[in-house]
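Notes to accompany the following structure.
All of the numbers you see were taken from the coordinates with simple rules; none came from a lab. Predicted model, so just to flag it, every value in this text is computed and none were measured. Neighbour counts are summed over all protein chains in view; Cβ atoms, including those assigned to glycine, are modelled from backbone coordinates with ideal geometry.
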Amino acid sequence: MPNLARAILIVVAVFVVAVATTLVVRTRTARVEALGPAPSTADLRIKEVDLEEVTKGVRWRLRAEQALMYEQEGRTNLKSLTVRVFQKDRSWTIVGEEGDLHQKIRTVEVRKNVVITSSDGLRMDTSVIHWDADAQRLWTDEPVTLSRDGSVIQGTAFDMTTDDETATVAGRVRATFTRSRAQ
């Protein structure tokens, strides 16, 4: 699990830095489509965001139905987002109904029905996940479920750092391990 924890953190760190940089650079030249009367005070609204980039050998792609940029706050709000991260030997998909990217403090929060899946079968479900790029930390204080090949770990919080390559499922933890029939 330590290698898995490190891999998840590295993927999220690369994603955070790349999305922040790309959104800031590309919004200066982005074509903006009117969405009708403005219900928000966003400085810039972008419909159907589709960004793809390669950072440190990792290719990622962000798709969102809408991005609302608040330049004064240094925050970008994303609606209905999907991030695909492609590494050499595995890929990750992160899905959430909404999220916030805070450029100034280098953090990301993905909310509502958050699901992280990997091509090697790991799945993580929660209602919110946070990433702090400076601390290299991925966490949630909400209930979390990790599953793979029929084995399930549930807890009331999750915390992972790349410094010591550890992941912790906290609170009242319940784990069910099943043996694969192929073994």
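Mind checking region 103-183 for chymotrypsin sites (Phe, Trp or Tyr not before Pro) that DSSP puts in a loop (not H, G, I, E or B) and that have at most 10 other Cβ atoms within 10 Å? Don't skip to the answer; put the middle values down first.
Working: sites: TRP131, TRP139, PHE158, PHE177; in loops: PHE177.
Counting only loop positions with at most 10 other Cβ atoms within 10 Å, the chymotrypsin sites (Phe, Trp or Tyr not before Pro) in region 103-183 are PHE177.
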Worksheet, complete the sentence: The answer for GLN66, listing residues at least 5 apart or on another chain whose modeled amide H is closer than 5 Å to its amide H, is GLU48, VAL49, LYS79
Fill in: Under-5 Å amide H pairs with GLN87, H placed in peptide plane, nonlocal only
TRP92
